[in-house]
Amino acid sequence: MTIELPTEDGGTRTYEPRAEPAAHAPAGAPPASRTVFAAAHVVAAPSADRGTAALDWDATLAFRRHLWAHGLAVAEAMDTAQRGAGLDWPAAAELIRRSAAEAKAVGGRIACGVGTDQLGAPGTAHTLGEITAAYEEQLALVEESGAQAVIMASRQLAARAATADDYHEVYGRLLRQAAEPVILHWLGPMFDPALDGYWGNSDLDAATGAFLDIIAAHPDKVDGVKISLLDARREVALRRRLPRGVRCYTGDDFHYPELIAGDDRGFSHALLGVFDPLAPFAAEAVRVLDTGDVRRFHALLDPTVELARHLFQPPTRHYKTGVVLLAWLAGHQEHFTMVGGAQAARSLPHLARAYELADTLGLFPDPERAEARMKALIAGHGGPG
């Protein structure tokens, strides 16, 4: 059997899908040598209006159980869940409550995003006090749910803050009152242009210095930092400057194998959106790394990078569309509909290439189902199907 896949030049190419999925070691306990979070997507309610954030709760929570079953931790209500890009604060709050309760029921680890999105569109109208209060409201909810907090970058703070001192003021207050150590998240402008100049400076060297100053002032309240700049060299340099005991969680969806493997001076843990579709590969690879077999770790994980780079190509913020496509093709949900209609954010040729790369890896548990669904998607767009 073959499938005709649309190409960017308006033509098609013939692709012969795999007959069998890739073989993986059975799902097991969490890796021992690295903490590995997968930032999870949400499943939209297929009948919801385009402008709403209604979710299919059964499918959304079932996907989190899938991640926990593979031994991964879940990073909830973050960018991959369309936070601030279709998923509003009321829906995110309910997602945090439900996912935290599910984590407790199955013994899974969970960390949840804390932001300021209840304030609405970013602008200078919000004072630093109002922004801090919004963060505090969300931090309280996450802590009450029993989850670890991930302090996310705030669009409202980026719009309002004038200097690094403004960031020190807001983050210092949050860290002083956090009940348990948190993860600080630096999300680069390639993921969200509204975050350009975060930490008070568009120069990344100066921004890194301000970021490290905040951590150094509160090292006992920072479990780790998630770096999403897609710059491996910069992440390694920052990692080596962290206070003892503060972890680096890579958010680099382009260079994750080398960053997780590390070098003779350290390594990164992981908190990655690309590990949503790659959960079986990621879990097995890091468990292999636990044994010290770096070569086999790379043999398992390096081939996934081409797919990751495709999913996260510019505009990088639209990577969620490919992630949800792969979840649908893999059978984790029954439709390719996203909150806010974001399934339309990528072209059909882009999605077709994502299917091809994923199938080549053996990502789909049922290749025939994935092929049939991809053909239906192409036919629905006027292609040969």
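Some points to look at:
- Its Cα gyration tensor gives the range 107-197 an equivalent ellipsoid; the semi-axes, largest first and in whole Å, are 22, 14, 12.
- Angle between the chain longest axis and helix 348-361 axis [Cα atoms, degrees, rounded to 10]: 80
- Rounded to the nearest 20 debye, the dipole magnitude of the range 144-279 is 280 debye, with +1 charges on Lys and Arg beta carbons, -1 on Asp and Glu beta carbons, and the Cα centre as origin.
- C-alpha long axis of helix 164-177 to longest principal axis of the chain, angle in °: 90
- Listed by chain and number, the lysines whose C-alpha is less than 25 Å from the C-alpha of K375, apart from same-chain residues fewer than 8 away, are K320.
- As a rough guide to protection, the peptides 201-211, 96-106 ranked by mean Cβ packing within 10 Å, highest first, stand as 96-106, 201-211.
- Counting all C-alpha pairs of the range 7-141, share separated by more than 20 Å (%): 58
- The chain: proportion of alpha-carbon pairs further apart than 33 angstrom, %: 28
- 0 to 90° range, to nearest 10: angle between helix 89-106 axis and the chain longest Cα axis: 80
- Percent of alpha-carbon pairs separated by more than 13 Å within the range 94-158: 61
- Cα centroid separation, the range 7-86 to the range 279-352: 8 Å.
- Between A133 and A25, the distance separating the two model label sites (each 7 Å from Cα on the Cα→Cβ line) works out to 5.2 nm.
- Extension gain from S47 to A376, taking 0.36 nm per residue of separation minus the Cα-Cα distance: 116.5 nm
- Rounded D (µm²/s) - the range 157-291, Kirkwood Rh over Cα pairs, Stokes-Einstein at 4 °C, 1.567 mPa s: 83
- Proximal lysines relative to K221, as straight alpha-carbon distance under 25 Å, when same-chain residues fewer than 8 apart are discounted: K104
- Virtual spin-label span in nm between A216 and A237, 7 Å along Cα→Cβ: 1.6
- If R0 is 25 Å, the Cβ-Cβ spacing of D205 and R244 corresponds to a FRET efficiency of close to 0.65.
- Pair R265, D166: separation of 7 Å Cα→Cβ label points (nm): 3.4
- Per-pair calculated FRET efficiency, R0 = 41 Å: A121 and A179 via Cβ, rounded to 0.05: 0.85
- Over the chain: helical MRE at 222 nm, DSSP H runs n ≥ 4 each giving -39500 (n - 2.57), nearest 500: -13000 deg cm²/dmol
- With viscosity 1.567 mPa s and temperature 4 °C, the Kirkwood radius over alpha carbon pairs of the range 243-385 converts through Stokes-Einstein to a diffusion coefficient of 80 µm²/s.
Throughout, read-outs are computed from the coordinates displayed, never taken from laboratory work. Being a predicted model, the structure only gives us computed values, none of them experimental. Here the Cβ is made from the backbone with ideal geometry for all residues, glycine too, and neighbour counts use every protein chain on show.
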